[in-house]
Each structure stands twice: as C-alpha cells, then as structure tokens.
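Here is the structure we will look at.
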Amino acid sequence: MHIRWSITSRSIWALTAAPVLAVASLAAFSVGPAAAHVSMARPAAVRAVVPNKFSEMDCNGWSKKFKSVSPTFRMRCVDPRGKIKSAQSPWVVGGKSYSSRGRFIDNGHYVGHDEPSVKFISSAAASGNTMTYFMKMPVDPAVPANNAGTVIDYGELSPAPWFGLPLCDPKSYPQNACKPDSDKNIGLNVSKAAGSAFMELQFYPPGFAPFADDVSCSATFWCAAMTIDSLESQFNFVNINNNCAEPVNFAFLQTNGVPTGPPSPQLTNFHTFTPNAHTLHIHSGDVLRVSITDPKSGFTTTVRDLTTGRTGTMTASAHNGFMNTNFKNCAGTPHTFHAEYNTASKNNQVPWAALEGGVLMQQETGHSEVCGSLANSDPETAFGVVDSHVFDTCVGGSEGGSTDPTTGEGPCNANTGVCQNATTEGTTGPIACPSNNFASGQLCEFADGACMPQGTRPVTLNGVATTETSPVNFCQAGRFQNGDLDFDGIPYQVGKWPNGSRSNPTSFRYAGPFTKAGKTYPKIQFETDVAGSEFLCNIFTGLNCDAPPLAAAFYPYWTLTNRQGIGGLFRRHACVWNFGDTIPGITTNNFGKDSQYGVSDIAQFGGTIITPKPIANPEVTANCPSLTNPFRTK
C-alpha cells in the first residue's frame, strides 16, 4: 500500500510524472522574478507541470476542473478574506450573494474557518523566520468517548492545532516579487504587497483514521504535516483562477525527511496523504521541541519528540517536490520556499488571509458533531477512496433546536445542490437558512456530513481493502460547507474543552516561541476569524461579530498557568499556555475568557476579531518569570 521513492527518482518524477509545458510558452504570464528567491541551482530548462485531474489545486475542494484527492482536506485550509470595498470595486466576487459582504467565495461556496490564535510580535532579527516552541501533547480520557458527548477525545475538539508563518511566493496573491527573510516586503493588503503564501505546521489527533478519508493518521498516535497555501489571483482578487483558487503543498513530517508522496498541488496523489514507516509518530502526553528555520536548502520544520527521542522533519524545497502555481493556467514550477520576513513585526502578514498572522499559535475548531445515530447514507467514492458507510445527517447528540430536537441538516443532492433542513446562526441557536442550495454562497450548514459511524468498518483506499476507525458517531460538517455554521457542535458546547474533568482531554501546554537568540517575543495579540463564519456578523460595522458566536453556548479561549510546567524544562512557577476552558486549581490567568479576542477589525477585515493593540506578552510579565530556550546553543 505504501511506496518509497528515492531522492534521485523524485527529482526526475517532479518534472516528468505529468504532462509539461515548456517555460517559453509560459513566459508571457510571468508576473514576478521566476523563483528569484530560490538559492539552490536549477537546470536551465525547467519545465512547468500541468496538474493531474485529481490533485490539490484547490484546497477547499470546489474547483470545477480539478478534483480533490482528499475529500476531507478543506477543514485544514487557510481562510482568505474578501475583496476590498471601494467605489470602483464593489464587494462582489462572481456575483455570489455573500461575497457582497466581503467574505471569500470559492465557486459559489463560502470557505471560512474558526481559528482562535495567539499572534507573537517581535522586532528581533530573524524572529520572523527562526523560532522554537515547546509543547506537551494532550491526553484523552481513560474511558472511551461516547455518543452522548459526556466523554470527549481531543479529535472531537480540533482536527488540526497548528503553528503558522508567512512564506514568500511570487506566484501567489497579489503576484508581486518577494524577497525572502526581508522586512522590505509589504504584508498589508495593498497593491504593492509581496507575493505571499501561508504555512501551517499542523498536528493531527488520533482516533479517526485513516487520514486519506478522515482526520487522523492513526487510531492511537498523533502525526504532523507542513501545509503551504497560496492564492491564485492578482490584487483585490482580480482575475482569480477559480480552477485553482487556493492550491496547497502538503507533506508529513518524516524521520528521513522524504515526503510520502508528491507534495505539490499539481501532483498530489493518494500516497501524499498516507503515512508510511518513516512518518513521525507522536504519542499523547509526549513533550516536543518544535523548530522552524529557513536555511538555504529551503524553509524547514522539525519536531523533536523529547519523550521518545524521535525526530521528524520536512523541507519545502524543489528537491523534495514542492511547487508554486501559475495563476493563469494552474501549471506548477518546482520551487524552494523561504520565509517572507526578517522580523515578527505587527504588519508582517499574509495580505490575502483573514487571520492577521504573523507568527501564530492556533487551534482549528468547529468541525465536529457527535450523534446518537446517523441518517441519509451518502457513500464516498472520491479518488482512491471507496467508503460505503458514510452519511449526511446527525441525529440526536449535538443536534437540537426549537423545531426539531433530534434530526440535523441534510441530505443534499450533489447534482442539483438542493439540501434539506439547512440551518444557520440565530440569536440564541440554529435557525433556518435563507437558501436550500449549497452552491448559494450563504453562510449555512447545509448538511452535517461527512458522517462516520462509531467503531470499525471496511473501506477501500487506493484499491486496497483496509479498516477505518471512529470512536464515536462523528460528523465533520465539511462536505457541503466548511464547518459547523449553526454553532451547535461539540466545540461550541459548555463543558467539553479541557477543564480538569476526567471526562475531557487534558489541555495542550505551550511555551514560547523563542527567537534564534533564545528570547521570548515581547508582545502578543489574541485573534480569531470565527466572525467571518457568523451569518449575523456585519463585517462593515462589526455588529454581531462576536466570540462566542450568538448561536454558540461556549467558545474556547487561551489561558496561562504557573502550576504545571512542561516536562521539567523550565524553572518552578514558569508560565505556560493552555487552551480550552478554565481549569480549577491550575489556571492562573484567563484574560477575561472570550473578551481576550477584542473587537472586529472593520478597517482590515471585519470577520477577524483581534486585540486592538499589541499587549505585553503575559507569559513573561507580571507574576510570570522570564523564560529562555533551554536548548539554545551559544
């Protein structure tokens, strides 16, 4: 089922495994220096790669020309913002209704995310390209999770906690040159902004496996991957190529540094999303050192498991098969990525992204409903995946509401777009959606699926019969929209996040980030882009742009504690970050709970709620002693 490909064969494969176009035929479309930032030598006759029909040319999975290899991947994408409003450029993308509110629409589908984050700010040299975090992984309850939602595993709360950073990509929005590791790049959303990509180092919880058809690498261990999202348009989303709006490079972190399959958007295949014997296995409760660096060989992420001694790494290089994308025709060119900025200054951002990152620590959420039972069979027959035990509708459990307390959203007719029981955000809970068509662009939950039944079941992956696992009846709320847009799922319920209960997982513990010199970042901002997914949020005025959303009973938040530590790495009473809920006897600062996120930033994108001004980093101020990287080499 697994394949191995050598460095030599991989280099040949990157240029020959798909139809190619001569560079000369693409010269007219060049909008910036052709990989001017690539430090490694390349042959003069580099050719561009035409995408495979099944690939990852649109992370959100809505391209009408190219189909996604992984049908569940859209929950792991970057959230773009919409057009800038002006007299000459109204809030319209393709004439779809909700783009008139400044949100991004991908082929008629809203693609927003819910990403509560901490943004770290520093003017220190290399703070924008070289950093180290320490973290202790959460531990699930000793008793199994259940469909009543009274025992919760971490995979029900977040499919992908991650660290983020801007990278240079001159072939990404707004199609301008980008000088690596330089503060000369403009990061705000203006016409002269540098071409920019968004890197996420994502961690995937155990339980819901395999990854190609769900959210986990394994039923028992965590894994990690580097993703790099670009946006294929010119400034203000002019001439966006809807065939490849948001291409993504993807590769697991590997003990040998070799991707499991082609990482590029053009050539992604089933093996790309299938862990192999070299994929880094991370166990619950392990202590990790996470290093982000930018050597000449390419942007690199490395995770050292201090508990087991294992190390996984990935370098985003042309040599490893990474590519960037021509916005005119979606063709790929082998490309070595590098960090975009020298420092982590406040305005060093990705100009097209909803989140105002930056050096980010984040928890993706809003993709989980747990159900008493499942209804409306809708088998999955995507590229490489045949799963006949998939459903569209959650019954009981997370589902409720004044009109029907037992049956959720869906099914949807994939041919007509018509859905049953579609809902959206109301002032106190779910209400009916104003449209029953999942291609309307409305911010609605059209179906709960894909829904996976509790237990084990047979599936066929890339022609091989295997077993899929799910600890509960689990709906991802991502098949016909991206996320739980009526906010009634597990992550938006009281008492589900880490709060000290033995029925809930323990919290992540984070320390850092630390700069190259081993120092902490002096300032932070809290932020979340959940408001962009709120039906009632007016992003022009900030009205009803809230955390928690009006329909949610709860919204998770960041806290600090000086009563835990991380594996003895830091001195007594050192403060470390937690995420989720207040933990009695542990939490020492909860920053006003959800009020930490601040207000809607209507000047930049009203769907983002952010602390109005940077504040002193609370991890090393007030009652928290200073910290230094315990592994820093002088």
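Place a point 7 Å from Cα of V190 in the direction of its Cβ. Which residues in region 330-353 have their backbone N less than 14 Å from it? So the set is 347-349, 351.
Extension gain, N415 to A553: 0.36 nm times the residue separation minus the Cα-Cα distance gives 46.2 nm. Ordering R103, R632 by accessible surface, largest first, gives R632, R103; the 1.4 Å probe counts only protein heavy atoms, with every chain in place. A Stokes-Einstein calculation at 37 °C with viscosity 0.692 mPa s, built on the Kirkwood radius of region 172-293 over Cα pairs, returns a diffusion coefficient of 202 µm²/s.
Highest mean packing first, where packing is the average number of other Cβ atoms within 10 Å per residue, the peptides 528-540, 236-248, 438-450, 130-142 line up as 438-450, 528-540, 236-248, 130-142. Remark: relative contact order (region 234-355) = 23 percent; criterion is Cα-Cα distance under 8 angstrom and separation of 6 or more residues. With N the number of residues in region 286-422, Rg(Cα) / (2.2 N^0.38 Å) evaluates to 1.55.
Each Cα pair under 8 Å and six or more residues apart adds its sequence gap; the mean of these over the residue count of region 569-618 is a relative contact order of 21 percent. Could you work out how far apart the two model spin labels at S377 and R563 are, taking each label as a point 7 Å from the Cα in the direction of the beta carbon, and quote it in nm? For S377 paired with R563, the spin-label model returns 5.2 nm. Model label sites at A219 and N256, defined 7 Å from Cα along the beta-carbon direction, differ in position by 2.7 nm. Note on T469: accessible area approximately 30 square angstrom, rounded to 10, probe 1.4 Å, nucleic acids and ligands left out. Annotation for K65 and A148: the two label points, set 7 Å from Cα along the Cα-Cβ direction, are 5.3 nm apart. Ligands, DNA and RNA left out, the 1.4 Å accessible surface of the chain is 55% carbon and sulfur atoms.
Only Cα pairs under 8 Å and 6+ residues apart enter the sum, and on that basis the relative contact order of region 272-325 stands at 27 percent. Per residue, the accessible area of the chain comes to 33 Å², computed with a 1.4 Å probe over protein heavy atoms only.
Computed from phi, the 3J(HN,Hα) profile of region 369-374 under the Karplus parametrisation 6.51, -1.76, 1.60 (θ = phi - 60°) reads 10, 10, 10, x, 7, 10 Hz, with x in place of Gly and Pro.
Length gained on full extension, T427 to Q234: 65.8 nm, using 0.36 nm per residue less the C-alpha separation.
Remark on region 424-465: ratio of C-alpha radius of gyration to 2.2 N^0.38 Å is 1.81. Pairwise inverse Cα distances across the chain, averaged and inverted, put the Kirkwood hydrodynamic radius at 24.0 Å. Note on K296 and A177: the extension gain reaches 41.0 nm, defined as 0.36 nm multiplied by sequence separation minus the Cα-Cα distance. Secondary-structure-derived ellipticity at 222 nm for the chain, considering helices only, amounts to -500 deg cm²/dmol, per-run term -39500 (n - 2.57) for DSSP H runs with n ≥ 4.
The values are calculated or read from the model by the stated rules, or taken from the named source; none is laboratory data. These numbers were taken from a predicted model, which means no experiment stands behind them. Because the Cβ atoms are built from the backbone with ideal geometry, glycine has one as well, and the counts that use them run over all protein chains shown. Ligands, DNA and RNA are stripped out before the accessible areas are found, and what is left, the full protein with its side chains, is counted by its heavy atoms. Shrake-Rupley method; radii C 1.70, N 1.55, O 1.52, S 1.80 Å.
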